[in-house]
Structure formats: structure tokens, C-alpha cells
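Right, one structure below, let's go through it.
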Amino acid sequence: LRVQNKKLYLAAFAAVLGPLSFGFVLGYSSPVIPELRKIDDPKLRLDGSQASWFGSVVTLGAAAGGILGGYIVDKVGRKLSLMLCSVPFVFGYIVIISAQNVWMLYFGRLSTGLATGITSLVAPVYISEVSHPKVRGMLGSCVQLMVVTGILGAYVAGITLKWRWLAVLCSFPPCIMLLFMSFMPETPRFLLNQSKRSEAIAALCFLRGPHADHAWECGQIEASVQEEGLNLSEFKNPSIYRPLLIGVALMFFQQATGINAVMFYAETIFEDANFKDSRMASVVVGSIQVCFTALAAIIIDKTGRKVLLYVSGVIMALSTALFGLYFKIILPDGNNSSNPDVWFTLNSASPGAESSISWLAVVSLGLFVAGFALGWGPVPWLVISEIFPLKAKGISSGACVLTNWIMAFLITKEFNDFIGFLTSYGTFWLFSAFCCLSVIFTAFYVPETKGQTLEQIETYFRRP
């Protein structure tokens with residue numbers, strides 16, 4: 001049985017241009033916010049609060065995109081959903097390029113955020129359904145790899161390009177995705193669910209090559225496909241609600257580990273460690289993410305999903321605990337809760353204290369980013385694309401994506417309040433506790449899906 005076929009990789013590449021596009025969306029704000037805070041035009045100049053909204057409004061758009069994506073992925077299919085994503089991507093960048101005031105900037109970011117939410121749901125589903133079990137982990141991990149590649153691309157391009165030209169550059173990946181996806185097939189599982197057997201056979205011929213046993217694989221998929229729609233009463237069924245609860249919890253823990261908070265601190269920490277060029281520091285962080293996400297993609301089909309979640313959770317628990325220790329040492333007791341602003345608390349640190357142990361902050365940051373990229377970055381997205389039964393895939397994936405982006409918004413917007421309430425070191429020790437809980441949750445509730453077909457995974461959840 002020949003299952004390896006170059007066209008499968010071509011289809012996966014076309015799909016991951018979507019995650020590359022939303023990586024550029026996420027990375028866009030980092031080089032642009034400092035520029036817009038100093039711009040001469042008062043209608044476009046961002047103050048502190050506006051800069052915060054410019055960065056975080058994307059997550060609100062993405063949360064809405066998660067809801068919309070859960071609906072359209074089952075109605076119009078995986079392929080067309082990905083192609084439609086390019087419209088709000090490009091439209092959002094056109095609004096930003098032509099922006100005359102801050103509200104146009106917000107609206108453009110909201111539009112690209114909407115596309116981001118849809119893409120973050122649809123791309124993993126498409127890749128998991130076209131892939132063979134032996135390479136599904138690697139190809140699924142490429143979703144997160146392309147996200148961090150997009151973020152790094154925006155960081156690097158932002159060093160030389162002004163904000164309008166950077167928006168022009170960011171609009172290219174979704175256009176290329178639209179072009180490539182127009183030549184790719186719909187997923188066989190979706191086609192069989194629509195009773196289009198001949199089209200499903202043709203799709204399998206494209207994806208597996210002409211010599212694979214297409215009829216046998218079609219029969220395997222058909223045996224698990226249930227054509228009837230999903231009723232709310234069916235969520236009482238363990239085969240529906242168990243994977244849904246696991247998926248939602250994975251997305252909760254991915255954000256509760258503090259990734260957005262740590263990235264929020266990154267620029268300040270590098271400056272205190274005498275890395276004066278904060279943009280280059282961002283490139284360093286982005287490069288670490290890309291390298292370790294690539295490593296995860298290479299080894300995930302050998303090690304399995306759970307092993308990477310264990311290793312990742314332990315590394316992040318250790319690094320966030322070290323972060324807390326760093327702030328406990330450098331901040332005098334009286335200043336920890338007097339002002340929740342990050343820069344204020346660091347500037348009020350004991351003179352010379354931060355420079356003598358700045359290596360601790362830099363090591364903690366590097367460890368955390370590497371740990372997240374190795375497991376809790378790519379694996380939750382891969383697992384939620386694998387564990388849902390076909391008829392519940394749209395609504396269940398939508399609930400998971402909504403959870404992820406709402407948590408991302410809350411962590412981003414409320415981080416300073418956490419510092420004011422718990423102190424800086426208390427906040428990071430809380431994140432460390434969540435990292436420990438994520439390891440325990442993985443041990444007891446997350447199934448190992450390595451090497452299994454999507455039909456075998458469905459059968460696992462049907463067991464009492």
C-alpha cells in the first residue's frame with residue numbers, strides 16, 4: 001500500500017499558508033505599535049490604552065471567527081472555507097493601508113482577526129483529514145510552525161518596512177493561499193459525508209497516488225461517517241462530550257500557562273539584560289519559536305503527543321517559577337503591588353539588582369519559549385483536529401477555538417490587573433501552577449493518537 005505521495009504535501013502546504021497568514025497578523029503589532037506611538041499624525045498616533053487595544057482586538061475578531069468557522073466548515077466544506085478566509089485577511093490589510101484614523105486601524109485588525117479565527121479552526125481540520133496516520137502528526141504540527149514563521153517574518157520585515165508597507169507584505173500569503181487552494185481537493189471525509197463517493201475516490205487518488213487502495217480507505221471512512229445531523233441532545237453521548245471537554249481544556253491550559261504574558265514581558269527583559277535593540281530581541285525570540293516548533297514537527301510521530309506535552313509542561317513550569325524568583329529578587333517588597341505597570345515595577349527595582357541577575361530572566365524567557373514551542377504550542381491544535389467525530393467537528397472545533405482566543409484576550413488585557421493583585425512574582429508562580437496542572441491533566445485525560453486513523457480515534461471515544 002503506497003500512501004506517501006508528493007501531492008499530499010502540496011495540499012498540506014497550500015493549507016498551512018493560512019496559518020502563515022495569521023502568524024503575520026499576530027506578529028504585525030510588535031514592530032508597528034512603537035512606530036504608531038511616535039507617528040506625527042495625531043489621528044493615527046496611539047496612546048498606551050489604544051496600543052493595548054490595537055494588539056488585543058485581533059483576539060476578539062478571532063473569537064468571532066471561531067464561531068463562524070465552526071458553522072461554515074461543515075456547511076461549505078474545508079477547502080472553500082480556507083479560500084474564503086483570504087477575503088477578510090486582504091480586506092483588513094487594505095483598511096489598515098488606507099487608514100486615516102485609529103478606528104480604521106482597529107477595524108482592519110478586527111477583520112484580520114476574524115480571518116485568523118476561521119483559519120485557526122479550518123486549517124488543522126483540513127490537514128488532519130487529508131493526511132495519512134504516519135505523517136499526520138508532522139503535517140499537523142506544521143500549522144503551528146507556519147504561525148511562528150509568520151510571526152518571525154513580521155518581526156524581521158518590521159525592522160526595515162514602515163507600517164503601511166508591512167501591511168502590503170502581510171497581504172501576500174492569503175492571496176497565494178487562495179491561488180494554491182483552488183487547485184487542491186476537498187477532504188475525502190467531508191465528501192463522503194455529502195454522499196459524493198466518486199469525488200472522494202478522486203481526492204484519494206490525488207492525495208495517495210494512483211497505486212493506493214482507494215476503495216479500501218473509502219470503505220474505512222464510510223464505516224465511521226454518519227450522515228445525520230447533530231442534535232444538541234447528542235452531547236449527552238460520551239463519544240461527543242468527552243473529546244469536546246478534552247479539547248476545551250487543552251485550549252484553556254495553552255493560554256493559562258502564560259505564553260502571552262511572558263511574550264508581553266520579553267522586550268523589557270531583554271532591555272534590562274542590555275539587549276538595547278528590542279526589535280532584534282523579538283527576532284531572537286521568534287527564531288527560538290521556529291526552531292523548536294520545527295523540532296516538534298519532526299519528532300512528534302515518533303515520540304507521540306503526550307510525551308511532548310509532558311516535557312513542554314515541565315519546562316514551562318520550571319521557567320515560569322524562575323521568572324517569579326527573578327522578580328522576587330529584584331523588586332523591593334513595597335513596590336510589588338503599588339503600581340501594576342510592568343515598566344514602572346522594573347524601573348523601581350533595587351539599583352543594580354536586575355543587572356547582576358539579568359541572565360536569569362533571559363534564560364527563563366528562552367526556556368519558556370522553547371518549552372511552549374516544543375509541545376503546548378503545536379500539540380493542542382493537532383489533537384483537536386484529530387479527536388472530534390465528523391458530525392461534531394464543526395461545533396466542537398468552534399468551541400475550542402472560541403475558548404483559546406477568549407483566554408488569549410483575557411490574559412493580554414488583564415495581565416496588569418493580575419500583577420496589581422498578586423504581585424509580579426505571584427503572577428508568574430500562578431502560571432507555573434497552571435503548567436503543573438496541565439501535565440497532570442495530560443496524564444489522566446488526553447489520549448495518545450499517534451499512528452491511529454481518525455476512525456480508530458472515534459472508536460476509542462465510543463467505548464464506555
For segment 370-386, take each phi angle, set θ = phi - 60°, evaluate the Karplus expression 6.51 cos²θ - 1.76 cosθ + 1.60, and give the result in whole Hz per residue in order, putting x for glycine and proline.
-> 5, x, 4, 5, 6, x, 6, x, x, 5, x, 5, 5, 4, 5, 7, 9
Where chymotrypsin sites (Phe, Trp or Tyr not before Pro) fall in DSSP loop in segment 114-219, at most 11 other Cβ within 10 Å = 183
Quote to one decimal, in nm, the extra length available between residue 35 and residue 52 on full extension: 0.36 nm per residue of separation minus the C-alpha distance between them.
-> 4.7 nm
Under the 7 Å Cα-to-Cβ spin-label approximation, residue 71 and residue 104 lie apart by a distance in nanometres of 3.0
Based on DSSP H runs of at least 4 residues, each adding -39500 (n - 2.57), what is the mean residue ellipticity at 222 nm of the chain after dividing by all its residues, to the nearest 500 deg cm²/dmol?
-> -26500 deg cm²/dmol
For segment 129-140, what does the Karplus curve 6.51 cos²θ - 1.76 cosθ + 1.60, with θ = phi - 60°, yield as ³J(HN,Hα) per residue in whole Hz, taken in order and with x for Gly and Pro?
-> 7, 8, 8, 7, x, 5, 10, 5, x, 5, 5, x
Please identify every one of the trypsin sites (Lys or Arg not before Pro) in segment 1-98 that sits in a loop by DSSP and has no more than 16 other beta carbons within 10 Å of its own beta carbon.
-> 2, 38, 43, 45
So how tilted is helix 172-181 from the main axis of the chain? Cα-based, degrees 0 to 90, rounded to 10.
-> 10
Reciprocal mean inverse distance between Cα atoms of the chain - Kirkwood radius, Å | 22.6
Alpha-carbon Rg/Rh ratio, for segment 372-450, with Rh computed the Kirkwood way | 1.04
Using 0.36 nm per residue of separation minus the Cα-Cα distance, give me the extension gain between residue 437 and residue 183 in nm, one decimal.
-> 87.1 nm
Measure nothing but the geometry: give the 0 to 90° angle between the long axis through the Cα atoms of 424-445 and the longest principal axis through the Cα atoms of the chain, rounded to 10°.
-> 20
Could you go through segment 205-214 in sequence order and give the Karplus-derived ³J(HN,Hα) for each residue, using 6.51 cos²θ - 1.76 cosθ + 1.60 with θ = phi - 60°, rounded to whole Hz, and x for Gly and Pro?
-> 4, 5, 7, 9, x, x, 9, 6, 7, 5
Roughly how many nanometres apart are two label points built 7 Å out from the Cα toward the Cβ at residue 298 and residue 160?
-> 2.8
Pop the C-beta distance of residue 452 and residue 10 into the FRET formula with R0 = 22 Å and round what comes out to the nearest 0.05.
-> 0.35
Ellipsoid equivalent to segment 1-184 - semi-axes via the Cα gyration tensor, in Å | 32, 16, 13
Extension length gain for residue 213 and residue 169 (0.36 nm per residue less Cα distance), in nm, is 11.6 nm
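Taken together, the values in this text are just the output of simple stated rules run on the coordinates, not laboratory data. Owing to the predicted nature of the structure, the values given are computational and were not obtained by experimental measurement. Methodologically, a virtual Cβ is constructed for each residue, glycine included, from the backbone with ideal geometry; neighbour enumeration extends over all protein chains shown.
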